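One structure below.
Any read-out appearing in this document is the output of simple, stated calculations on the displayed coordinates, not a laboratory observation. Keep in mind it's a predicted model, so treat the numbers as computed, not measured. Note: ideal-geometry Cβ built from the backbone for every residue, glycine included; neighbour counts use all protein chains shown.
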Amino acid sequence: MKRQQLLLIAVLAGAGGACGATSAEDNSVSQQKAPAALRLPVEGELPSIDGATGWPHSLSPFRRGLVSVEPQGAEVAADWTNVRSPESYVGYEHTETFASPGGAVLTRNRVYAIPTQLRLNEWALAGDWAVQSEAVVLSKAEGRVAYRFHARDLNLVMGPVARGTPVKFRVLIDGQPPAAAHGVDVDEQGYGTVAEPRMYQPIRQTAPIADREFEVEFLGPDVQVFDFTFG
């Protein structure tokens, strides 16, 4: 009953009910002020409890408004048994596995290419990018980022260069649309939109988990990518 009593007190406090009354006279006054759905029991009267739920019947209008909050996207616990890819920052101060031919030219724009084959946990750029200290920044449309990974989930921290300028993108996994392996931020064909700087989840696979090659193509310029995470 402790949980139910606390819930009743919280609802009454939010509704402006009098929770401090102890005398029969005060209790009568409180019942006149409280909504009909929150009729307070008189002294010695036990509340009527719904045997199926354990909630007082008087709280049923409020109970109907409650919902179960399930974790979504990157909030879902990682599948650590299948994670063989580490978090990977792509700015030049932290990256270690950049594989585009010729390496990175720091802070200046350059046209990059993706090699024909990436090893596990290598990543590469294609198109006109500037490799900055904390991010890579796309200068022209149709730039791509590729990463070979092993995990159930692939998440990408990214955002538009300027707020209010969303950029559409499309992702592929092993050269194909993700279909059932799409994450919460893309559809089955792999299309999504970068609208604000945050973590996006383009890929959530089902078993079996194997080495896969992820690729994202940005259909417009002025987007920045910061970090890959896996789960």
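I need a count of the residues in segment 140-179 that are in a loop (DSSP other than H, G, I, E, B) and in contact with a helix residue (DSSP H, G or I) (Cβ under 9 Å, 6 or more places away or on another chain).
3
Would a scan of segment 98-107 turn up a residue that is touching a residue at least 12 places away in the same chain (Cβ under 8 Å), loosely packed, with under 14 Cβ neighbours inside 10 Å and assigned to a strand (DSSP E or B)?
Yes.
Please specify each residue of segment 108-139 satisfying the condition of being among the aliphatic types (A, V, I, L, M) and assigned to a strand (DSSP E or B).
Within segment 108-139, Val111, Ala124, Leu125, Ala126, Ala130, Val131, Val136, Val137, Leu138 meet the criteria.
Would you confirm whether or not segment 132-139 contains a residue that is within 19 Å of Phe230 (Cβ to Cβ) and in contact (Cβ under 8 Å) with a residue 12 or more places away in the chain?
Within segment 132-139 (the criterion being within 19 Å of Phe230 (Cβ to Cβ) and in contact (Cβ under 8 Å) with a residue 12 or more places away in the chain), the answer is yes, since at least one residue qualifies.
For (1) part of a loop (DSSP other than H, G, I, E, B); (2) surrounded by fewer than 22 Cβ atoms within 10 Å (Cβ to Cβ); (3) out of contact with any helix residue (DSSP H, G or I) (no Cβ under 7 Å at 6 or more places or on another chain), each residue gets a yes or a no:
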position	(1), (2), (3)
Val184	yes, yes, no
Thr193	no, yes, yes
Glu196	yes, yes, yes
Ile209	yes, yes, no
Gly220	yes, yes, yes
Thr229	no, yes, yes
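Run down Thr116, Thr193 and say which single residue is without any contact (Cβ under 8 Å) to a residue 12 or more places away in the chain and β-branched (Val, Ile, Thr).
Just one listed residue meets the conditions, Thr116.
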